[in-house]
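Single-structure report; data block below.
Rule-based calculations on the coordinates, nothing more; no lab input. All figures in this text were calculated on a predicted structure; none of them were measured in a lab. Heads up, the Cβs are rebuilt from the backbone with ideal geometry, glycines too, and the neighbour counts pull from every protein chain shown.
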Amino acid sequence: MSKLQQTKFFVTVNHLVDLPKDPTPEIAFAGRSNAGKSSAINVLCSQKRLAFASKTPGRTQHINFFCIPEKEQIVGHLVDLPGYGYAKVDRAVQAHWEGLLSQYLQKRDQLKGMVLIVDSRRGLTDLDRNMLNWFCPTGKPVHLLITKCDKLNLSEKALVMKAVRDELNLINKEHLHFGLLTAQLFSSTKRIGLEEAESLVYQWLGIQEKE
C-alpha cells in the first residue's frame, strides 16, 4: 500500500505561532481558487474528501496540514495553502492571509518544496507568478501540476506545456539562486501524471514509496 493512502488531517493553522514545532518535512500545495488543488491532493492520497474545496472560493484563509503516518511516527506533512485569486474578501483578512502565507513560504525550515497548481486552460497567471516570487528566492524546488489537461486536445497540451516550460527556463536563467522549477501535465479525473507526481512527493519528503 502507498504511504500516501494513509494520509489524514492533522491541524488547521491561522497564525504562525500555531505551526507544528516538530522537524517533520513538509510539501506545500498552492494555487488559484478552482485550479484543482483539493482534487490533486485527494487523488494523490487516493481519498475522496481529505482536502475540501470551499463552496465560496477564496474564503478559506487557513493553512491545513495533513500527516503521513508510518507505524508510530509521522514521516511527512502535505500542507494545503489557501486558494488565491478572488477579491471578495475583507482587506484586513486578506492582509492577514498574505502575511501568513509569505512568512510561511519564506521562513519555514521544514518546507522542502512547493507544488503549484496551474489550470491548463489559463496557463501561468500574474497571481501564480507572485507566488513564485514569494517562494523561489528560498532556493527550494517548485513543481507545477498543469491540471485539468484532460479538457485539452493534444496540440493544446503541447502548446501550454511549451509556454510554461519556456517561462520556467527563463526564470531559472535569470535567477541562478532559485530552486529547480519543473512542470508536468496532470488530471485528477483521468489520473494523468499521477505516478510522476507521487514519486516527486516521496522524493522531496525523503520517504520510501511503499510499505
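Under 5 Å from the amide H of Glu70 lie the amide H atoms of Val75, each residue being 5 or more positions distant or on a separate chain, with H modelled from the backbone and absent for Pro and chain starts. Once you reduce the stretch 128-166 and the stretch 96-124 to the center of their Cα atoms, the two points are 13 Å from each other.
In whole angstrom, the chain maps to an equivalent ellipsoid with semi-axes of 23, 21, 18, each derived as √(5λ) from the alpha carbon gyration tensor and ordered largest first. Near the amide H of Gly31, within less than 5 Å, lie the amide hydrogens of Tyr84, Ile117, all on another chain or at least 5 residues away, with H placed in the peptide plane.
Annotation: amide H-H contacts under 5 Å for Ala183 (H modelled 1.01 Å from N, sequence separation of 5 or more, or interchain): Leu144.
Under the simplified labelling scheme, the Gln106-Val11 pair shows an inter-label distance of 2.4 nm, with each label point 7 Å from Cα along Cα→Cβ.
Calculated from the alpha-carbon coordinates, the stretch 128-181 shows an Rg and a Dmax of 12.5, 36 Å respectively.
Among DSSP beta bridges lying fully in the chain, give the percent that are antiparallel, nearest 5.
40
Between the residues Val201, Gln184, Asn153, the greatest Cα displacement towards the positive end of the dipole of the chain, with unit charges on the Cβ of Lys, Arg, Asp and Glu, is found for Asn153.
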